[in-house]
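The next block holds one structure in the form of structure tokens; read it before the comments.
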Amino acid sequence: MIVHWHRRDLRPSDNRGLARAAASDESVVSLFVLDPTVLEHASPVRVACLLEALDALREWYRDQGSDLVVGRGEASRVVPERAAAYDADTVVWNADYSGLARDRDRAVRDALEDDGIESESVHDAVHHEPGSITPNQGEHYSVFSYFWKKWRDRDKRAPVEEPAATDLAAVSGEPIPTLADLGFDEPEATPPTVTTAAARERVADFCSGPIYRYADQREYPAAGGTSRLSPHLKWGTIGPRELYAATERATARAESEDARESVRSFQRQLAWREFYAHVLRYNPETVAENFSGYENEIEWRDDPDELAAWQAGETGYPIVDAGMRQLHAEGWMHNRVRMLVAAFLTKDLLVDWRAGYDWFRRKLADHDTANDVGGWQWAASTGTDAQPYFRVFNPMKQGREYDPDAEYVREYVPELADASADDIHGWHDLEQAERERIAADYPAPIVDHADRRERAIDTFERARGEA
Ligand code: FAD
């Protein structure tokens, strides 16, 4: 027997580790481990997605006359135990690049070795593995545009086939625990459906039309113009090669240069995901530390009330509040709005990006360490290729530009459902009596953006040793 240990690759097809196991002479036993040290960092919405993806994957194995074996406990104990129980001589898995995952994998590899069982890790989650796209000096690019040029021009692997039923062992697994069994409450957000069938449907829909409008629409949260594939890419219910191949077919069908460019701009976002995976692989400490140091410490403010207002979507800045409430309701937020709410927390409120990252990690269905840390450090002007510290987003202007009719705000902030777009995006400048007349239940701005912008710039200049 050979074991394939599923982790963030909850799909049978376009799975290089599983295909590698299936290509051996042995029958494949597929295993998933509910590891308490990993679950400790999870949240109800993400665990709900995980359990659904596991159910669907198990169905697929059962249809093939096999099963998904689901163990519980520390991976470094459960993986060798199960491998030994099935008399396996090798365990294969797909590489994961965060520091926590690499520590875990090292412990599993050592434990297997102690038991005389071989292990093999395969690159699967990205097209071009960390270490394969590098500048002349250094282990990874810190500037995305250089990375993108090389990423774009490299040949991509084709998707790999799912294993044949005859490659799989006739095993039967235990029931998959429920959220409550694992000690989680029901999520407050409605979890997206995270299965391979749902991912494929989304890819097919997106690549049949919206992908050609992506470049024009991706910045407008009310347009729904992005793929919403992030929870699938997080759990691996779709493979990167299968997704990329679908985008290439869309390119071949494109009827204009603009349409082809739009597909390209979507592929560029897929490359951002890989860029951040490379950055985290070589800088695991940046989950907690600034990527780019300043001469002095940044004087972050500890303000629990302002942080709580931000978390609750009660800052009195409508576009910020709409984003925070979308996060609460859906476990997802549009990218433009993620950038805005992160800038608001780290610049207007001057609260440490790590507090924002913690909140996102708890709330996002698509939380992905590399992308989340990358996004937060970008917004906080501490990351690779980050937003310059002096370019502080103005939430009113951003609202006017990216949600001109305030449709997005009205959807998520019902108190403003009857307000005009002008009043919504000018909320900050209205008299208090006027605000009360328009929406008595919606708060006045908790801070003055112009003052806070200046304070943020002064703080960063002190950190740079310039003030
Ligand atoms: P699309 O626009 O359809 O893009 C397709 C895919 O490309 C995404 O699913 C994602 O895998 C990748 N992608 C797109 N934009 C980015 C980006 N800026 N950085 C990295 N990858 C990208 N993305 C996550 O997947 N998980 C996170 O935890 C996460 N946290 C973020 C936190 C902050 C503060 C910011 C500013 C961004 C964060 N992002 C994160 C990036 C981005 O917001 C999401 O990937 C995107 O909104 C997901 O929606 P989509 O699938 O419709 O994206």
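Tabulated results
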item	result
For GLU407: the one exception among (1) surrounded by 19 or more Cβ atoms within 10 Å (Cβ to Cβ); (2) under 30 Å from the mean Cα position of the chain (by Cα)	(1)
Unique match (being without any contact (Cβ under 8 Å) to a residue 12 or more places away in the chain, part of a loop (DSSP other than H, G, I, E, B) and closer than 19 Å to SER121 by Cα) among ASP14, ASP25	ASP25
Top-ranked residue of segment 330-389 - restricted to ones that are at positive phi and crowded, with 24+ Cβ neighbours inside 10 Å, ranked as nearest to the ligand (Cβ to nearest atom)	GLY331
Among the candidates GLU407, GLU401, residue that is among the acidic types (Asp, Glu), modelled with pLDDT of 95 or more and more than 30 Å from VAL279 (Cβ to Cβ)	GLU407
Residue ID - surrounded by the fewest Cβ atoms within 10 Å (Cβ to Cβ), chosen from residues in segment 213-224 that are in a loop (DSSP other than H, G, I, E, B) and more than 8 Å from the ligand (Cβ to nearest atom)	GLY224
Options ALA439, ALA467, ALA450, ALA419; residue that is in contact with an Asp or Glu (Cβ under 9 Å, 6 or more places away or on another chain) and either in contact (Cβ under 8 Å) with a residue 24 or more places away in the chain or under 23 Å from GLU401 (Cα atoms) (or both)	ALA439
GLU401 touching a helix residue (DSSP H, G or I) at 6+ places or on another chain (Cβ under 8 Å) and surrounded by fewer than 21 Cβ atoms within 10 Å (Cβ to Cβ)	no
Long-range neighbours under 7 Å by Cβ, at least six apart or interchain, first residue under 19 Å from ALA42 (Cα atoms) within segment 372-385, second more than 10 Å from the ligand (Cβ to nearest atom) and among the polar types (S, T, N, Q)	VAL373/THR286
Test: residue in segment 414-423 that is touching a His at 6+ places or on another chain (Cβ under 6 Å) and among the aliphatic types (A, V, I, L, M)	no
Conditions (1) free of Cβ contacts under 8 Å to residues at least 60 places away in the same chain; (2) among the acidic types (Asp, Glu); (3) in contact with a helix residue (DSSP H, G or I) (Cβ under 8 Å, 6 or more places away or on another chain): number failed by GLU257	(3)
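One line per residue, one yes/no per condition, for (1) within 12 Å of the ligand (Cβ to nearest atom); (2) of a type in the set (S, T, N, Q); (3) at pLDDT 95 or above; (4) part of a helix (DSSP H, G or I):
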| position | (1), (2), (3), (4) |
| --- | --- |
| GLY173 | no, no, no, no |
| VAL203 | yes, no, yes, yes |
| SER227 | yes, yes, yes, no |
| ARG241 | no, no, yes, yes |
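One line per residue, one yes/no per condition, for (1) touching a residue at least 24 places away in the same chain (Cβ under 8 Å); (2) of a type outside the set (S, T, N, Q); (3) touching a Pro at 6+ places or on another chain (Cβ under 7 Å):
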residue: GLY71; (1), (2), (3): yes, yes, no
residue: SER76; (1), (2), (3): yes, no, no
residue: GLU81; (1), (2), (3): no, yes, no
residue: ALA84; (1), (2), (3): yes, yes, no
residue: ASP87; (1), (2), (3): yes, yes, no
residue: THR90; (1), (2), (3): yes, no, no
residue: ASP103; (1), (2), (3): no, yes, no
residue: ALA107; (1), (2), (3): yes, yes, no
residue: GLU113; (1), (2), (3): no, yes, no
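The values are calculated or read from the model by the stated rules, or taken from the named source; none is laboratory data. Please read all numbers here as calculations on a predicted model, not as lab measurements. Note that we place each Cβ from the backbone using ideal geometry, even for glycine, and neighbour counts take in every protein chain shown.
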